[in-house]
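Notes to accompany the following structure.
The values are calculated or read from the model by the stated rules, or taken from the named source; none is laboratory data. Small disclaimer: the values here were computed from a predicted structure and weren't measured. Using ideal geometry, Cβ is built from the backbone for each residue, glycine included, and neighbour counts are taken over all protein chains shown.
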Amino acid sequence: MRRTLSFALSALMAVSIAATATTVYAQGPGRGDQGGDDDQGAKKKKRDEEWNQPKAPLQQLRNAGPCPYVKVLYDASRYVEFKEAKESAAQAGFTGEIQSIASGCAYKGDEPIKIRIEALFQLGRGPKAEGDKHVYRYWVAVTERNQAVIAKEYFDLPVSFAAGQDRVYTRETIEQITIPRADSKVSGGNFEVLLGFDVTPEMAAFNREGKRFRVNAGQTAQAQPSQAPAGTPTKQ
């Protein structure tokens, strides 16, 4: 699916963005310590090699100056829903993480700066997720370096989970971000491009505090009664 957007800014600048989305990989729930671990391990290793290793930037052209800095905003890098606001793996609903980004740019003379970005999303379905479909939302923003946001646009990212699947990998391609320049003296170093999920204040705080856990989505955890060592009194 292709999306084309444009921003109206000050008299000196307008920014336009076009994006495409492609679902590239889906994965079912883990199988604990049962048979097939070797096969699952091999598949995971192959997946990690294909998707999780740092990727080289997109091909760079000979530019009049440096490219804008492109990064994921840490507070919005993950999306984690919790049932009844209880922060535990057993209470997780739909989840998501921007795993990696790659970018490239091109400009010369006083021409506009054109940027292309590829972002890899890992999207999950936890034990408390309702249904097999979810529409995630993320945004792309252009800012003056370490200053105010010049333009920001939101994208919907619909995902369907097949029976037994708890994770889907999706690659989003921002085909072109165009930043006009007032003159040839304005370089890409004056700007930065940020990506992030559309998160609630609670989700942002969860990310900011660096909290993490592993979600065994699709598996029902059953609490086992603990037995106190001999001679240890139990609480009534």
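A few notes on this one:
- Breaking point among (1) out of contact with any Leu (no Cβ under 8 Å at 6 or more places or on another chain); (2) part of a strand (DSSP E or B); (3) in contact (Cβ under 8 Å) with a residue 40 or more places away in the chain, for Q165: (2)
- Residues that are in contact with a helix residue (DSSP H, G or I) (Cβ under 8 Å, 6 or more places away or on another chain) and surrounded by fewer than 19 Cβ atoms within 10 Å (Cβ to Cβ) were ranked within the range 94-118; the one that is farthest from A162 (Cα to Cα) is S100.
- Selected residue (criterion: farthest from E81 (Cα to Cα)) from residues of the range 119-128 that are more than 15 Å from the chain's Cα centre (by Cα) and surrounded by fewer than 20 Cβ atoms within 10 Å (Cβ to Cβ): P127
- Here G93 fulfils each of the conditions (1) closer than 16 Å to E172 by Cα; (2) free of Cβ contacts under 8 Å to residues at least 40 places away in the same chain apart from (1).
- Residue in the range 129-142 that is closer than 15 Å to V80 by Cα, of a type outside the set (D, E) and at pLDDT below 95 present: yes
- A Cβ distance below 7 Å, combined with a sequence gap of six or more or placement on separate chains, defines the contacts here; from the range 147-162, residues that are buried (at least 18 other Cβ atoms within 10 Å of the Cβ) reach residues that are outside any strand (DSSP E or B) and charged (D, E, K, R) in the pairs F161/D132.
- Among the residues of the range 139-162, those identified as over 13 Å from the mean Cα position of the chain (by Cα), part of a strand (DSSP E or B) and within 30 Å of N190 (Cβ to Cβ) are A141, V142, T143, E144, V149, I150, A151, K152, E153, Y154.
- Restricting the first member to the range 192-214 and to residues that are closer than 30 Å to G65 by Cβ and modelled with pLDDT of 95 or more, and the second to residues that are of a type in the set (G, A, S) and assigned to a helix (DSSP H, G or I), the beta-carbon pairs closer than 6 Å and six or more apart or on different chains are G196/A76.
- Selection from the range 143-182 of residues that are closer than 30 Å to A129 by Cβ and either touching a Ser or Thr at 6+ places or on another chain (Cβ under 7 Å) or among the hydrophobic types (A, V, I, L, M, F, W, C) (or both): F155, L157, V159, F161, A162, A163, V168, T170, R171, T173, I174
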